[in-house]
Amino acid sequence: MINTPRGTRDIVGDEANLFEFLVERFKNIARLNGFNPIITPIIEYFELFEKKSGEEIIKSMYVFEDKAGRRIALRPELTAPVVRAFLGKLRGMPRPLMFYYVGQCFRYEEPQRGRYREFWQAGLEVIGEQSIDADIKVINVIEEFLTDIGLDHYYVVGNVGIYRKIMNVLGIPAQEQDHILHLIDKGMIEKAIEYCNKFGEKVVDAINILINNKLENIVDSLKTYVDEKTVNELYGEVEKTITLLEFLKEFGAKADYDPKLVRGLAYYNSVIYEVKTSGLEISIGGGGRYDGLTTVYGGPFEYATGAALGIDRIMLAIESKKKLSYTSKGVIIIVIDEEPRALHLAYSVTRKLHEYGIYSKVIVGKKISKALSLASREKQKYAIIIGPKEVKENRVTIKDLEKGVQETVDIEHILNYIACREFT
């Protein structure tokens, strides 16, 4: 027997139902908030990610040569492809542009709980808006979605821009900055400090201040290390971070600042955040500002922000809490035999129910007891039984599978009877 490659999996049964439920809810909420869909290829040229994804992502990428000798990568994330698509086809559109997407990503990492080599991301990007309102647009969708599915969550907020501005002033090259931030992101603080030693005591002291100080104290503690222009820029970054924290708390969300949160993607350059849930050590999502990423790919400067949620991790959190009912409650139409008039009636009814947005399907040729048992296992709401006798009398039996009661209803009243009922 041939199995799936390590780190990948088939999504079937109840898990597939949960996956579809989450994806549809996310898409619907994103659309209602003014975001538009964008679909990009699963494969991209390697250089798209090589330019600004960061050492951790680059090391974990699936890369191969095509028949023409070009280096191709399976996408490890979706922000860079969205920026590429924006520069290629959408630069002339009015700002801001707001996108949502759901897609597979690939990273060659050691598989473990909540980490797969093939995984699904549901994300949002806003391009062309400078104000903090762009970040709030993104977080509002995340907040609405996670609240809608009933998943408890909280935010950890940081600001990688503060680190970048200090290291720029202190003369640390961009690639070296990426490595220092990578070590901090992985919790290897001592190694990060040790690595900074080669740049001198001033750099070590500055990084220690960034890691160990409260947000409101950082700028005052760093004034002796930077010029006045940088001090003002740092105050601006602190203000953005405080504004985001205040918004989250006003929204009723739990949120805290963590100076060690820098995230693994090298294109972030200002406010960043991760979304977490109880009972799961890893985050279920995250995002932040990547102003100017467009210039890395040869385009003009654009303000931009975005975030992505890990659908696989959200599924894991939901399944571990066992608190979400995601199966579509609807109607099972049981046709006792294959008498043509009964089949015609059954499929006529199911089409009409679909017009009302009510899930329904037809079961043919099973014993009533087995069909009812199947409907109960699927958590359906009603069963309609149709056979020769029912067709002859123009009446059917409708059974409420949750309450265990049933009624006989005239055929012409089936739709009214079902459509007036609750399906929650």
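The values are calculated or read from the model by the stated rules, or taken from the named source; none is laboratory data. These numbers come from a predicted model, not from an experiment. So basically every Cβ, Gly included, is an ideal-geometry build from the backbone, and we count neighbours across all protein chains shown.
Just a few scattered comments:
- Checked against the criterion of being at pLDDT below 95 and exposed (fewer than 14 other Cβ atoms within 10 Å of the Cβ), segment 90-109 has at least one qualifying residue.
- Selection count, segment 367-409, where residues are touching a residue at least 24 places away in the same chain (Cβ under 8 Å) and closer than 21 Å to residue 17 by Cβ: 12
- Test: residue in segment 327-339 that is of a type in the set (Ser, Thr, Tyr) and modelled with pLDDT of 95 or more: no
- Evaluation of residue 302 against the conditions (1) in contact (Cβ under 8 Å) with a residue 40 or more places away in the chain; (2) in contact with a Ser or Thr (Cβ under 6 Å, 6 or more places away or on another chain); (3) of a type outside the set (Phe, Trp, Tyr); (4) under 30 Å from residue 391 (Cα atoms) shows that the sole unmet condition is (4).
- Whichever residue in segment 296-322 is in a helix (DSSP H, G or I) and among the acidic types (Asp, Glu) and, among such residues, is farthest from residue 84 (Cα to Cα): 319
- Checking each residue in segment 124-167 for being among the polar types (S, T, N, Q) and either surrounded by 22 or more Cβ atoms within 10 Å (Cβ to Cβ) or touching a residue at least 60 places away in the same chain (Cβ under 8 Å) (or both) picks out 130, 140, 159.
- Just one of (1) within 15 Å of residue 273 (Cβ to Cβ); (2) in contact with a strand residue (DSSP E or B) (Cβ under 8 Å, 6 or more places away or on another chain); (3) of a type in the set (Val, Ile, Thr) fails for residue 127. It is (1).
- Residues that are of a type in the set (Phe, Trp, Tyr) and closer than 18 Å to residue 158 by Cα, drawn from segment 208-248: 235, 247
- Residues that are small (Gly, Ala, Ser) and more than 15 Å from residue 192 (Cβ to Cβ), drawn from segment 243-265: 252, 253, 255
- Restricting attention to segment 382-414, the residues that are out of contact with any strand residue (DSSP E or B) (no Cβ under 7 Å at 6 or more places or on another chain) and surrounded by 17 or more Cβ atoms within 10 Å (Cβ to Cβ) total 1.
- Residue 306 being under 21 Å from residue 123 (Cα atoms) and either of a type in the set (Lys, Arg) or at pLDDT 95 or above (or both): yes
- Only a single item in (1) over 19 Å from the mean Cα position of the chain (by Cα); (2) of a type outside the set (A, V, I, L, M, F, W, C); (3) over 20 Å from residue 293 (Cβ atoms) is not met by residue 44, and it is number (3).
Residue by residue, here is whether (1) without any contact (Cβ under 8 Å) to a residue 60 or more places away in the chain; (2) surrounded by fewer than 18 Cβ atoms within 10 Å (Cβ to Cβ); (3) small (Gly, Ala, Ser); (4) not assigned by TED's automatic domain parsing to the domain that holds residue 58 holds:
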| site | (1), (2), (3), (4) |
| --- | --- |
| 241 | no, no, no, no |
| 253 | no, no, yes, no |
| 266 | no, no, yes, no |
| 269 | no, no, no, no |
| 273 | no, no, no, no |
| 288 | no, no, yes, no |
| 295 | yes, yes, no, no |
